[in-house]
1. Looking at (1) out of contact with any strand residue (DSSP E or B) (no Cβ under 7 Å at 6 or more places or on another chain); (2) open to solvent by less than 80 Å² (accessible area, probe 1.4 Å), which one does residue 124 not meet, given that it meets all the others?
2. Residue under question is residue 133, and the condition is that it be open to solvent by 50 Å² or more (accessible area, probe 1.4 Å), among the aliphatic types (A, V, I, L, M) and within 17 Å of residue 149 (Cα to Cα); does it hold?
3. Sort out which residues of region 83-119 are touching a residue at least 40 places away in the same chain (Cβ under 8 Å), among the charged types (D, E, K, R) and over 17 Å from residue 45 (Cβ atoms), and write them in order of number.
4. For residue 43, indicate whether it is polar (S, T, N, Q), in contact (Cβ under 8 Å) with a residue 40 or more places away in the chain and in contact with a strand residue (DSSP E or B) (Cβ under 9 Å, 6 or more places away or on another chain).
5. Out of 76, 85, I need the residue that is open to solvent by 20 Å² or more (accessible area, probe 1.4 Å) and within 20 Å of residue 117 (Cβ to Cβ). Which one?
6. So, in region 21-54, exactly how many residues are within 14 Å of the ligand (Cβ to nearest atom), closer than 14 Å to residue 147 by Cα and of a type in the set (A, V, I, L, M, F, W, C)?
7. May I ask you to list the residues in region 7-17 that are of a type in the set (D, E, K, R), open to solvent by 60 Å² or more (accessible area, probe 1.4 Å) and within 14 Å of the ligand (Cβ to nearest atom)?
8. Take the residues of region 93-121 that are charged (D, E, K, R) and out of contact with any Asp or Glu (no Cβ under 8 Å at 6 or more places or on another chain): which is surrounded by the fewest Cβ atoms within 10 Å (Cβ to Cβ)?
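The values are calculated or read from the model by the stated rules, or taken from the named source; none is laboratory data. The structure presented is a predicted model; accordingly, all values stated were derived computationally and were not measured. Using ideal geometry, Cβ is built from the backbone for each residue, glycine included, and neighbour counts are taken over all protein chains shown. These area figures cover heavy atoms from the full protein model, side chains too; ligands, DNA and RNA do not enter into them. Shrake-Rupley method; radii C 1.70, N 1.55, O 1.52, S 1.80 Å.
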Amino acid sequence: MELRIGQGFDVHRFAEGRRCVLGGVEIPHARGLLGHSDADVLTHALMDAILGAIGGRDIGTLFPDTDPAFKDADSIVLLQKVWGIAHAEGWRLVNADISVLAEAPKLKPHIGAMLERLSGALGCAPSQLAVKATTTERLGFVGREEGIVANAVVLLTR
Ligand code: MG
């Protein structure tokens, strides 16, 4: 049995007039995240973790922000494409563990919905995924509510 681990990291800054989409769930908030796609920082970190595990290219290479096809793209659709690549190579997900660093909005009420969307895209059980949220105790750019950080780790097997 082959096992591969991958990690992904992403940051997006807050901006006025944008939606705040995390883990495929739109969260009511005064500001949203800036990016070429829907700027779903959590899903981006998860995609890069999967691509890291399979020794693939990163999402910036697969889905370049210079390509108008990915303008305001639904990152869950991109995640399905990334998982399609891994699945075609015979990989199965053991688990994924994701941490989101955000001072606001509060994510806890939305984590169940995120697990449903992410597991739907990956064709796995919600119990194979974990999404945890923390603040940075008001320190740094996360603490100043300038942006959100996401870290993801995945374990794949085939
Ligand atoms: Mg990103």
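1. (1)
2. Yes; evaluated as a whole, the condition is true for this residue.
3. 89, 92, 103
4. It is true that residue 43 is polar (S, T, N, Q), in contact (Cβ under 8 Å) with a residue 40 or more places away in the chain and in contact with a strand residue (DSSP E or B) (Cβ under 9 Å, 6 or more places away or on another chain).
5. On inspection, the qualifying residue turns out to be 85.
6. So the answer is 7.
7. 13
8. Of everything passing the filter in region 93-121, 108 is surrounded by the fewest Cβ atoms within 10 Å (Cβ to Cβ).
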